[in-house]
Amino acid sequence: MKPDRIEQLIRTIRVRSTPGKRQERLDDILAAHDRWRQSHTTSGRGFPRWVAKVAIAASVLIVVTYQAVMYRSPDRIVPRQPQTRAVPSSAEITTAGSLQMAFRQGGLEGVERQLDRAFELIGAWPTVLHEQGLL
Amino acid sequence: MIEDKILIWRFRGGSRKALGQIYCKYEALLLTVATAILGDLASAEDVVHDVFVTLVKSPDKVDLDGSLRHFLAVCVANRARDRLRARRDIVSVDEIEFHVPEGQQPEVIAAEQEQLRLAWSGLAHLPEEQREAVVLHLVAGLRFRQIAETLGISINTVQSRYRYAVEKLRTLLDEEMRE
């Protein structure tokens, strides 16, 4: 028999207990685990379980109380929102610039002339004028 | 293996279910290692049981970075070696059932089982230290370097023990098959 085959055979060998005996051993190990956990959690090395539960409950209570006090307090600190300023569009800048230029050159009449030119350019004159609309 | 890391983590956290899963996963492998070293199933069962009971009492000993399979196999091998020094029994193969993967023809299964029985029987005829090297390498999956560290010997010694063991097994099995 080749060494490879011998190695393959030995790799596949598995010894098994009977299912009943296996379960018996496992139960025994789990019982040892339970006993150890029980003695470990109540001994001086670790906290008893009830202490941990009380500590968690106290922590939750403190956090909830703090939140409630902060929420109801009139002088609670409200973080200032940073002031945002809308950036004007390029069309708005152009319009404002042209009107400013017209005002410098000809005062209010200059502005009026500029507006007339603009309305003629875009054809935005109303076909019918009402008194109410002019007021 | 990530599954083993999770099992160790849960076990160290006190999970009873994780302990049961570790036992079910590695029991057969550990029994094989222990039986190969000790020679009888009852003693091997005791050794595996003792290793798990010890493990239960010191969960922090299980290293999260290492291989759980290797750790358990080394624990079992060490304990089995200690027990073997206390007594010397003849290895018996009568009480061992050899499992062959399912889905094969009955003749193939029978032939495979016979070869497994011969291999196991041959293993039992090896000197203790050679047997241990073979089992730790082939069954537990430890590298020669890891076996050397476990046994406190050089890697060359482990490799030569392994080589002699395989050679001897080959001679024994060839003789058996000729008969």
Overall Cα dimensions of segment B:104-179, principal axis frame, Å, largest first: 44, 26, 14
When you count, for each residue, the other Cβ atoms within 10 Å and take the mean per peptide, how do B:4-12, A:59-67, A:96-104, B:129-137 rank with the highest first? B:129-137, B:4-12, A:96-104, A:59-67
Based only on Cα atoms, what Rg/Rh ratio does chain B have, Rh being taken as Kirkwood's radius? 0.99
Table column - 3J(HN,Hα) (Hz), segment B:47-56, Karplus curve with 6.51, -1.76, 1.60, x for Gly and Pro: 5, 4, 4, 4, 4, 5, 5, 5, 4, 4
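Restricting to Cα atoms and excluding each atom paired with itself, what does the Kirkwood estimate give for segment B:1-96 in Å? Present the calculation step by step, with values, prior to reporting the outcome.
Numbers: mean 1/r = 0.0726 Å⁻¹.
That comes to 13.8 Å for segment B:1-96.
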Per DSSP helix of 4 or more residues, -39500 (n - 2.57); summed, then divided by the residues of chain B. What does that give at 222 nm, rounded to the nearest 500? -23500 deg cm²/dmol
Could you check the simple spin-label distance between residue B:125 and residue A:4, using points 7 Å along Cα→Cβ, in nm with one decimal? 2.5 nm
Can you tell me the length gained on complete extension of the stretch residue B:63 to residue B:167, counting 0.36 nm per residue apart and subtracting the Cα distance? 33.9 nm
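Coordinate-derived values only; no laboratory data. As the structure is a prediction and not an experimental result, all values here were calculated from the model. Here Cβ is always computed from backbone atoms with ideal geometry, including for glycine, and neighbour counts include all displayed protein chains.
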